[in-house]
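**Student:** This is the structure, below, for whatever I ask next.
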Amino acid sequence: MTTRISLLLLGALATLGVSAPAAATATFTGLSGGSCPSAGAYTSDGYLFTSATNHFHVCAANQNSNSTNGTETLVTDTTAFTVTKVGGGLFDLFSFDAAEWSNFGAGRTVSVLGTYAGGATTSASFGLDGIMGANAFQTFTLANSFRNLASARFSFSNNIAQFDNFVTEAAVPEPAALALFGLGVAGLAARRRRKAA
Ligand SMILES: [Ca+2]
Ligand SMILES: [Ca+2]
């Protein structure tokens, strides 16, 4: 009986999608179109990247003469851009890759401003290392405060930077809702045990 109840619980959780949150990475694959087109916005892997101006590019690896990670990357020569989920909704931001486009040296920073649904914000800054070429990209990891965001705004010192591999994960149900669900299943199990006795 206990085994059956456990299987029931696992099945119910799987149905709710609790056991396997949908992780996603925005890679900009397939967006270069054979050149570095300039646009105001790009959609990659369920996320919308919006430029403050019309100077936003996705470039193939062989078009990034200064820095490359061997794939298509987002190149921006505007001052900031914003990330939101396509169709709206909250999202988590775990990490992203960034690199210099031109050899402006070390000491440049990338700042990230996360905005929650209620309008409150969280922020972080990361330093670019000044290394160009095949090892140009660094992976920057965001703190737990960058979860359940409505949007994230990226800005940077100096005017050209490259980005790639924004790692996100869909928001999971609230712990309180899960606890209530667990209590319900436990109650069902207890009732079954009483019937069986
Ligand atoms: Ca890529
Ligand atoms: Ca670098």
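**Student:** Name the one entry in G34, G70, G40 that is surrounded by fewer than 15 Cβ atoms within 10 Å (Cβ to Cβ), within 13 Å of ligand 1 (Cβ to nearest atom) and over 23 Å from Y116 (Cβ atoms).
**Tutor:** G70
**Student:** Filter the range 38-77 for residues that are farther than 20 Å from Q138 by Cβ and of a type in the set (S, T, N, Q); which is nearest to the chain's Cα centre (by Cα)?
**Tutor:** Once the filter is applied, the top-ranked residue is T43.
**Student:** Still on this structure, I have one more. Hey, among F140, F96, F126, which residue is under 12 Å from the mean Cα position of the chain (by Cα), modelled with pLDDT of 95 or more, within 16 Å of ligand 2 (Cβ to nearest atom) and farther than 16 Å from Y47 by Cα?
**Tutor:** So the residue among F140, F96, F126 that is under 12 Å from the mean Cα position of the chain (by Cα), modelled with pLDDT of 95 or more, within 16 Å of ligand 2 (Cβ to nearest atom) and farther than 16 Å from Y47 by Cα is F140.
**Student:** Condition test on T84, is it out of contact with any Lys or Arg (no Cβ under 6 Å at 6 or more places or on another chain), in the same structural domain as A39 (by TED's automatic domain parsing) and surrounded by 17 or more Cβ atoms within 10 Å (Cβ to Cβ)?
**Tutor:** Here the answer is yes, as T84 does meet what is asked.
**Student:** Given G107, G119, which one is in a loop (DSSP other than H, G, I, E, B), out of contact with any His (no Cβ under 9 Å at 6 or more places or on another chain), in the same structural domain as A26 (by TED's automatic domain parsing) and at pLDDT 95 or above?
**Tutor:** Every option except G119 fails the conditions.
**Student:** Could you figure out which of (1) away from ligand 2 (no atom under 16 Å from the Cβ); (2) surrounded by 13 or more Cβ atoms within 10 Å (Cβ to Cβ) isn't true of G119?
**Tutor:** (2)
The values are calculated or read from the model by the stated rules, or taken from the named source; none is laboratory data. Because the structure is a prediction, the values reported are computed rather than measured. Virtual Cβ from ideal backbone geometry, glycine too; neighbours counted across all protein chains shown.
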